[in-house]
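Written below as structure tokens is the structure these notes are about.
The values are calculated or read from the model by the stated rules, or taken from the named source; none is laboratory data. Everything numeric here is computed off the predicted structure, so don't read it as measured data. Positions of Cβ are generated from backbone atoms using ideal geometry, with glycine treated the same way; all protein chains shown enter the neighbour counts. Ligands, DNA and RNA are stripped out before the accessible areas are found, and what is left, the full protein with its side chains, is counted by its heavy atoms. Shrake-Rupley method; radii C 1.70, N 1.55, O 1.52, S 1.80 Å.
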Amino acid sequence: MPALALPDWTVTFVLVVFALGFPVVVFLAWIYELTPEGLKREHEVDRAQSITRVTGRKIDFLIIAVLCVAVVLLLVENFRKDETPDVAVYGEQTIAVLPFVNMGGSAETTVFSDGLAETLTHMLAQIDGLQVAARTSAFHFRDQTGEVGEIARQLNVRNLLEGSVQRWGDEISVTAQLIDAENGFHLWSGNYRRNNLDNIFAIQEDIAEQVVEKLHLTLLGTSKLLDDGGTDNIAAYEEFLQGRLEQAINSFESLPRAEKRYLRAIALDPDYGRAYVELVETYLDMDRIGVLPVQEALDKAKPYLAQARKVLGDVPLFLATDARYQMQSISREGPRASRAAESALLSALEQDPDNIRALTNFAAYLRHVAQRPAEAAQYAARGLKLDPRSERLLAVYGGSLAALGRVDEALEVFSRLREFHPRAPGGYYFAGQAEWQVGNVAEAVRWSREAVRVDPADHEIPIQVASALISVGDFESAERWIHFSLSIDPDSVSAHSALLDLFAGTGRKDEGLTLARRLLNEGAPERGGARWLSLWYLMDNGFRNGEFGEFYNWMAQLYPDLMSSPPVLNVRNEGYASLLVRVFLADGEVAKAEALYSQLVLEFAEEARQDAEANLSDEILLLATRGDVEKALQKLRVLEESRDYRFFWTFEIEPDLEPFRSTDEYRAIAARVHEQLEQQRKLILERGDNVVPR
């Protein structure tokens with residue numbers, strides 16, 4: 001019992017004494033009785049003067065007290081064990097490769113030493129039977145000191161491989177040691193000194209061989225270790241390492257630098273498979289954070305993806321990246337891309353169930369494409385056991401929990417994301433989304449502003465601030481934030497999408513219609529909802545002038561499956577189906593509206609079955625439009641209870657909801673919601689969070 005400065009055997013000793021003493025006490029209590037004159041044999045005591053009931057009660061209380069002490073001791077011991085698990089609970093064949101220490105101090109050597117540790121991590125992960133902690137988590141301990149047992153506990157491993165690197169020009173010295181974290185003993189250590197950097201690959205292979213030998217595993221051979229598409233060109237290798245360093249920053253400025261590094265590595269070694277894969281991942285990252293439009297990013301990545309397949313074949317490394325490519329091409333390829341992505345990811349996981357990239361990309365697919373957040377959370381949690389500090393996994397896991405309505409848990413995950421990656425905007429940005437989802441708009445604005453501070457070059461983050469301000473009716477401040485975004489990137493699609501929202505909320509619909517037509521003619525992408533809002537303006541214009549020809553023409557051009565008979569709903573067009581249902585009803589095409597609506601009802605039911613974040617706003621709009629006012633009000637009550645008021649303001653501007661808005665219950669709910677939103681607006685103003693940074 002460390003808390004009481006007692007040895008660990010204390011609890012066991014006390015319990016054994018209690019157990020041995022209990023039958024003795026029972027036997028003596030049967031023979032003797034405690035009287036005011038002392039102990040007497042039970043048969044010598046006059047029953048009229050017996051105080052058995054009094055002493056019995058005292059003994060009862062004493063026994064209860066003793067039992068309580070025993071229970072507390074057991075609970076304390078169990079709690080202590082739960083809080084500080086022994087390192088030995090992790091299997092002997094588990095290992096983490098810590099970042100090698102740069103003894104030279106130069107930035108160039110740091111990149112090289114990191115590359116050595118990263119390559120060893122990747123090589124060891126190829127060994128059947130050896131579980132290796134992911135690079136993301138292991139590298140967190142670069143500048144931290146601590147007991148090896150505590151580091152191993154946090155990484156869920158039994159063994160640690162650490163070392164140091166010193167470099168003088170082309171001469172290099174490497175020291176490595178393998179430590180059993182359970183007892184702190186060194187299982188193996190080795191020293192290597194080479195005059196030619198080409199020998200670094202031989203050093204890596206030698207270290208890997210020594211590690212697997214000491215962990216009693218079977219080395220599958222050099223061909224197995226290096227079938228990941230590595231290189232024996234030291235210059236290409238160094239360019240690759242520099243690219244990984246830039247890619248890890250994941251910013252508007254660093255990703256183009258990573259692209260250049262990978263292109264140089266490929267030019268030096270055209271068969272460098274991993275360089276092709278990471279170049280594709282870099283282009284997909286550029287799409288994800290908005291550096292490149294989706295079409296441009298996919299077009300750039302496509303030839304390198306084909307070359308990666310040619311060099312690597314269908315190994316898990318390639319399949320996971322190929323699946324991500326398919327996943328991010330949904331907007332162009334539709335259902336075919338969705339099926340291809342899931343098939344490739346499942347194939348990768350079948351070959352390697354612990355492949356971090358495959359687990360990460362599959363969790364992202366389930367969350368963002370398949371809209372199955374419960375499954376996404378399961379796969380993300382599984383990946384986090386192997387890589388507990390992964391930025392992408394934490395983001396997907398937290399987002400999935402939020403979609404399931406478990407917002408408090410999601411916020412805790414985003415707190416960890418900020419702790420592990422304080423320079424990454426995701427931990428702040430996603431926390432803002434989660435707070436907004438439960439009505440805490442002021443907190444949403446505060447966290448979003450923090451994300452702007454962390455990544456000031458990102459033109460899309462300010463739009464979350466603007467959108468939150470629009471939801472509380474602060475249109476003036478929102479417009480300043482939109483123009484702040486446009487000052488970063490005048491072509492920002494997300495900023496123009498926010499302008500469409502602003503024009504609708506302030507009654508400037510003619511300005512909005514002009515902008516919507518321009519965006520559609522320029523090929524408005526789906527990013528930031530720009531295309532959906534542009535089509536909404538065409539629908540709204542049809543309600544105002546009684547003619548929907550322009551809307552129909554664009555829908556037929558962009559989503560012909562919805563206009564077919566019967567209509568075909570799929571992952572690519574389902575977000576636009578609700579607009580078409582409303583137009584069909586307004587235009588007297590009741591049969592077409594009902595045919596499409598029946599498919600949407602099934603889709604809404606499937607979302608509910610999957611515990612997905614159902615789009616209640618869309619359901620309310622459709623129900624109210626069809627005249628199902630009572631059902632619409634029922635859904636509105638659910639929306640009020642959830643406090644998810646992100647899109648409540650849009651009910652006030654929809655052109656076909658006047659009968660719904662005129663009901664007494666809608667007015668009562670709207671009054672309560674507006675009161676809460678006004679409180680949030682005042683809190684934002686008090687904090688000054690509506691002010692645009694200079």
Based on the mean of other beta carbon atoms within 10 Å per residue, what is the order of 632-645, 234-247, 667-680, 491-504, most packed first?
491-504, 234-247, 632-645, 667-680
So E253 and F475, fully extended at 0.36 nm per residue minus their Cα-Cα distance, gain in nm 76.8 nm
Does anything in the stretch 340-357 have its amide N under 18 Å from the 7 Å Cα→Cβ label point of L602, and if so which residues?
none
So, with a 1.4 angstrom probe, what is the percent of accessible area on the stretch 265-414 that is carbon and sulfur?
49
With a probe of 1.4 Å, find how much accessible area the stretch 534-589 has per residue, and write the answer as a whole number in Å².
38
Along Cα→Cβ, 7 Å out, is where each label goes; now give me the distance between the ones at Q351 and E92 in nm to one decimal.
3.1
Starting from the Kirkwood radius over alpha-carbon pairs of the stretch 237-333, derive D by Stokes-Einstein at 25 °C in a medium of 0.890 mPa s and give it in µm² s⁻¹.
187
Less than 14 Å Cβ to Cβ from V441, Lys/Arg counted +1 and Asp/Glu -1: what total charge do the surrounding residues give?
-1
Please state the charge dipole magnitude for the stretch 447-564, taken about the Cα centre, from unit charges on C-beta atoms (+1 on K and R, -1 on D and E), reported in debye and rounded to the nearest 20.
140
For E213 and R423, calculate 0.36 nm times their separation in residues minus their Cα-Cα distance, and state this gained length in nm to one decimal.
71.7 nm
Nitroxide proxy distance, nm - points 7 Å out along Cα→Cβ at D664 and R518
4.8
Cα-based Kirkwood hydrodynamic radius, the stretch 399-518, one decimal, Å
14.8
Kindly state, to the nearest 0.05, the FRET efficiency for N183 paired with M103, given R0 = 25 Å and r defined as their beta-carbon distance.
0.40
Overall form of the stretch 638-694 per C-alpha gyration tensor (a/c, 1.5; a/b vs b/c):
prolate
Distance between Cα centroids, the stretch 265-279 to the stretch 371-392: provide it in whole Å.
29
Net lengthening on full extension, A595/D206 (0.36 nm per residue, minus Cα-Cα)
133.4 nm
Inter-label distance, nm, simple model (7 Å from Cα along the C-beta direction), S565/D656
1.9
Pairs from K385/K635; K592/K631; K635/K682; K509/K592 whose Cα-Cα separation, in the structure shown, is over 32 Å:
K385/K635
How do the peptides 283-289, 622-628 rank, highest first, by the average count of neighbouring beta carbon atoms within 10 Å per residue?
283-289, 622-628
